[in-house]
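Visitor: Let me begin by handing over the structure; questions about it come next.
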Amino acid sequence: MFFFAKMFWILSQPAAICLLTVLLTLLLIVFSLRRLAIAAGIVSAMVLILCFYSTAGALIVQELENRFPHPPAPADTACVIVLGGGIPARVDQARGGYNFDDGGDRYIETLRLAGLYPNARIIMSGGDGSVEGDVKKEADIIRLMFDDFHIDPARVDYDRESRDTYENAINTKVILDQRGLSHCLLVTSGFHMPRAVAIFRNLGMDVIPWVADYRTSGTESLKLSFSEPIVNIGLMTMGVREWIGIVAYYYAGRVSTLYPQ
């Protein structure tokens, strides 16, 4: 399932679809199929504009981010679960340390929560999500960070084996059951929270969604946007990937609802 999902995503991501529609148009021109080439060219242009030069991707991500408004801080909590993501693992493997990308707020927020709730147990779930399986595990990288910030190692459980969100949930449940913990804060990015909550709840874990970072302002509207095409395609890729994951997990029986409340 893991490798099938990775390969399917390589072919179905928006940038790949843009490329395929362009190649189809060129192929139809080569074979002198004029009408079909014109139709394919129009579709290709529409896909390119939608992905690179509109705020459509931002709207998709914004909807995911708005699904779980940030709750008030609880008086206390037994544990904090932080899901892997936000680390360019190949860079860290080559250069050392712990470099972050946009999802690195997950770990900064976990450090803040560790100080706010000094008795809470921390569960860091993240392994190597690459297809090749030859990248340094995220849990090992974050262990260095937590040690540098003087988080007591006795407080932290590291799941080094998870390759995706479903395995995050499976392995975290084992840790929670072993330690008798429940009602934990679940820390991940806003766009990723609906899928993560659906999986955790389906496995019987009543987690509290705790969004660590947002990628949109929350006030986006559909319009043309020519100034930041790379940002636009990035948001489109992020949103489409999450929805593909949600739908695939639903039909695979890994979640019981497409869009959790």
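Bear in mind that the values in this text are calculations on the coordinates, not laboratory data. These figures come from a predicted structure and were not determined experimentally. With ideal geometry, Cβ positions are generated from the backbone for all residues, glycine too; neighbour counts draw on all protein chains shown.
Visitor: Run through all the Cα pairs of the range 79-211 and give the fraction in each 10 Å bin from 0, expressed as whole percent.
Guide: Pairs per bin, as whole percents: 13, 48, 34, 5.
Visitor: Then there's this: Using Cα pairs closer than 8 Å and at least 6 residues apart in sequence, work out the relative contact order for the chain, in percent.
Guide: Result for the chain is 27 percent.
Visitor: With a 10 Å Cβ neighbour count serving as the proxy for reagent exposure, in which order, fewest first, do Ile87, Ile246, Ile142 appear?
Guide: So the residues, fewest neighbours to most, are Ile246, Ile87, Ile142.
Visitor: Here is a further query. Quick check: convex hull over the Cα atoms of the range 96-142, volume per residue in Å³, rounded to an integer?
Guide: Dividing the Cα hull volume of the range 96-142 by its residue count gives 84 Å³.
Visitor: Also: When each pair of different Cα atoms in the range 40-122 is counted once in the 1/r mean, what is the Kirkwood radius in angstroms, to one decimal?
Guide: About 16.4 Å, per the Kirkwood formula over Cα pairs.
Visitor: So, one more: First check a/c for the range 139-217, with a ≥ b ≥ c the square roots of the eigenvalues of its C-alpha gyration tensor; if it is under 1.5, answer rounded, and if not, answer prolate when a/b is larger than b/c or oblate otherwise.
Guide: Verdict is oblate for the range 139-217.
Visitor: A follow-up question, please. If you wrap a convex hull around the Cα atoms of the range 190-240, how much volume per residue is inside, in Å³?
Guide: Value for the range 190-240: 97 Å³ per residue.
Visitor: Separate question: Once amide H atoms are built 1.01 Å from N in the peptide plane, which residues 5 or more positions from Cys184, or in another chain, come under 5 Å H to H?
Guide: Close amide H contacts, sequence-distant or interchain: Ile208.
Visitor: Right, another one. Every cysteine in the chain with no other Cys Cβ under 4.7 Å from its Cβ, please list them in numeric order.
Guide: Cys18, Cys51
Visitor: Quote the Stokes-Einstein diffusion coefficient, in whole µm² s⁻¹, for the chain, based on the Kirkwood radius over alpha carbon pairs, a temperature of 20 °C and a viscosity of 1.002 mPa s.
Guide: In µm²/s, the coefficient rounds to 108.
Visitor: Let me ask something else. How would you rank Arg90, Arg241, Arg34, Arg106, going from fewest to most other Cβ atoms within 10 Å of each one's own Cβ?
Guide: Final ranking by Cβ density, sparse to dense: Arg34, Arg90, Arg241, Arg106.
Visitor: Let me ask something else. Per DSSP H run of n ≥ 4, the term is -39500 (n - 2.57); total these for the chain, divide by its residue number, and report the mean residue ellipticity at 222 nm rounded to 500 deg cm²/dmol.
Guide: -16500 deg cm²/dmol
Visitor: Can I ask one more? Restricting the count to DSSP beta bridges whose residues both fall in the chain, what percent are antiparallel, rounded to a multiple of 5?
Guide: Here the antiparallel bridges make up roughly 5 percent for the chain.
Visitor: Sorted from fewest to most neighbouring beta carbons within 10 Å, what does the list Tyr53, Tyr158 look like?
Guide: By the 10 Å Cβ count, ascending, the order reads Tyr53, Tyr158.
Visitor: Largest first, please: the extent of the C-alpha atoms of the range 53-98 along each principal axis, to the nearest Å.
Guide: That works out to 45, 37, 11 Å along the principal axes.
Visitor: Another question, if that's okay. If amide hydrogens are placed 1.01 Å from N in the peptide plane, which non-local residues have theirs closer than 5 Å to the one on Asp159?
Guide: Counting only residues 5 or more places away or on other chains, the set is Met124, Ser125, Gly126.
Visitor: Related question: HN-Hα J couplings of the range 250-261 from phi, Karplus 6.51/-1.76/1.60, θ = phi - 60°, integer Hz, Gly and Pro as x?
Guide: 5, 6, 8, x, 7, 9, 9, 9, 5, 9, x, 7
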